[in-house]
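**Q** Pasting a structure below so you can have a look.
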Amino acid sequence: MNALPETRIGTAGWSYKDWDGVFYPPGMQRGKRHALEFLAQCFDVVEINTSFYGHIKPELAKLWVRKVAVNPKFMFTAKLHRSFTHSPIAVMEPTSAATIKPNDEDERLAREGLDALASTGKLGALLIQFPVSFKNTSLNREYLEQLLRQFIEFPRVVEVRHESWNNPETISYFTERNVAFCNIDQPLIGRSLEATEHVTSPVGYVRLHGRNYDQWFEAEKGADRYNYLYSEAELTGWKEKIERIAQKAEVTYVVANNHFEGKAGVNALQLKHMLSGQRVKATETLLQHYPALKSIADPIADDDDGLPLLSMSS
């Protein structure tokens, strides 16, 4: 049992082509088994990242909940659709209140999917993620205020990446509105937000993006940005921060976003072990691909029908 107040560790997303044969058995994503049936045996949370690119379909939300039933403690967090947080041409212009352009249909579809997930009791938080170009200006603060009211029925977490937000006024603002501040690890380039450990609501939230300085803004492929494996020493620094965050929050979500070739899974399992002091569960393929995990992790079991079973000791 975790000695900390409720702390859930997992990955950002679960469906990546380069996880086939690395996190999951080869060909699994084309077969009968669902990726979430494996993931839910290793972790207690996953952050839905497809909701950033396309709205959650209610029928898919219900399917996902059924697939994680192997772990009754499992929860989801979900990213808000990018129409609310990014300029439609963010690669060409900075994101600000003047360039973000959601419409009524975006709100209807976003709410439809989020409501479907929340109705199952499995939505732990809504992540509202802004890019580094979204700075702390009066216009942007006004837009954020409107957005927070728009989705007030969900536990809201705001991720800002520009250092201008890291001040007592922002922390007080978030606290007054019962909104969680997302503490992130990212390459410190220019005025990027440094590592923080703010707790401004009952929800504590941490996202680890990796520290791939060379590829962060110049990556030829999006996945290259997240090709980073944290060292044990780097994770130890975050372990200590997470422990302090968890002591102040009712529930803390820790999400590894360095997803390239399953590295998020590796680092999430290492953090889970560090924080709990117990051995963890991993897929057989992940243990084969990253054999160093064998010192802290045991393979999950399969039943006779080829479906994963949750070990009672996990």
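**Q** Whether any residue in the stretch 163-179 is more than 20 Å from Phe52 (Cα to Cα) and in contact with a His (Cβ under 7 Å, 6 or more places away or on another chain) is what I want to check.
**A** So in the stretch 163-179, the residues more than 20 Å from Phe52 (Cα to Cα) come out as 163-178.
Filter once more, so that each one left must be in contact with a His (Cβ under 7 Å, 6 or more places away or on another chain): 171.
Among the residues of the stretch 163-179, at least one is more than 20 Å from Phe52 (Cα to Cα) and in contact with a His (Cβ under 7 Å, 6 or more places away or on another chain), which makes the answer yes.
**Q** Select, from Leu127, Leu148, the only residue that is under 27 Å from Glu250 (Cα atoms) and either touching a residue at least 60 places away in the same chain (Cβ under 8 Å) or not in a helix (DSSP H, G or I) (or both).
**A** On the way: Leu148 fails: either touching a residue at least 60 places away in the same chain (Cβ under 8 Å) or not in a helix (DSSP H, G or I) (or both).
Going through Leu127, Leu148 in turn, just one is under 27 Å from Glu250 (Cα atoms) and either touching a residue at least 60 places away in the same chain (Cβ under 8 Å) or not in a helix (DSSP H, G or I) (or both): Leu127.
**Q** Do you know which residues across the stretch 130-145 are part of a helix (DSSP H, G or I) and over 17 Å from Ser201 (Cα atoms)?
**A** Hits for the stretch 130-145 are Ser138, Leu139, Asn140, Arg141, Glu142, Tyr143.
**Q** Among the residues of the stretch 188-195, are any of a type in the set (Lys, Arg), modelled with pLDDT under 95, more than 24 Å from Pro5 (Cβ to Cβ) and more than 17 Å from the chain's Cα centre (by Cα)? Spell out the reasoning first.
**A** Of all residues in the stretch 188-195, those of a type in the set (Lys, Arg) come to 191.
Right, trim to modelled with pLDDT under 95 and you get 191.
Adding the requirement that they be more than 24 Å from Pro5 (Cβ to Cβ) leaves 191.
Among the residues that remain, those that are also more than 17 Å from the chain's Cα centre (by Cα) are: 191.
Yes, the conditions are met somewhere in the stretch 188-195.
**Q** I'd like the full set of residues that are small (Gly, Ala, Ser) and at pLDDT below 95, limited to the stretch 200-232.
**A** Step one: list which residues in the stretch 200-232 are small (Gly, Ala, Ser), which gives 201, 204, 210, 219, 222-223, 231.
Listed by number, the residues that qualify are Gly210, Ala219, Gly222, Ala223.
**Q** A follow-up question, please. Of everything in the stretch 271-297, what is surrounded by 16 or more Cβ atoms within 10 Å (Cβ to Cβ) and farther than 26 Å from Ala246 by Cα? Give them in sequence order.
**A** Thr283, Thr285, Leu286, Leu287, His289, Tyr290
**Q** Within the stretch 151-178, how many residues are closer than 19 Å to Val132 by Cα and in a loop (DSSP other than H, G, I, E, B)?
**A** Qualifying residue count for the region: 4.
**Q** Kindly provide the set of residues from the stretch 179-191 that are in contact with a strand residue (DSSP E or B) (Cβ under 7 Å, 6 or more places away or on another chain) and more than 16 Å from Ile128 (Cα to Cα), ordered by number. Step through it out loud before you land on a result.
**A** Initial filter on the stretch 179-191 (in contact with a strand residue (DSSP E or B) (Cβ under 7 Å, 6 or more places away or on another chain)): 179-186, 191.
Passing the criteria: Asp185, Gln186, Arg191.
**Q** I need the full set of residues from the stretch 84-108 which are under 22 Å from the mean Cα position of the chain (by Cα) and among the polar types (S, T, N, Q), in order please.
**A** Thr85, Ser87, Thr95
The values are calculated or read from the model by the stated rules, or taken from the named source; none is laboratory data. The model shown is predicted, which means the values in this text are computed figures rather than measured ones. Note that we place each Cβ from the backbone using ideal geometry, even for glycine, and neighbour counts take in every protein chain shown.
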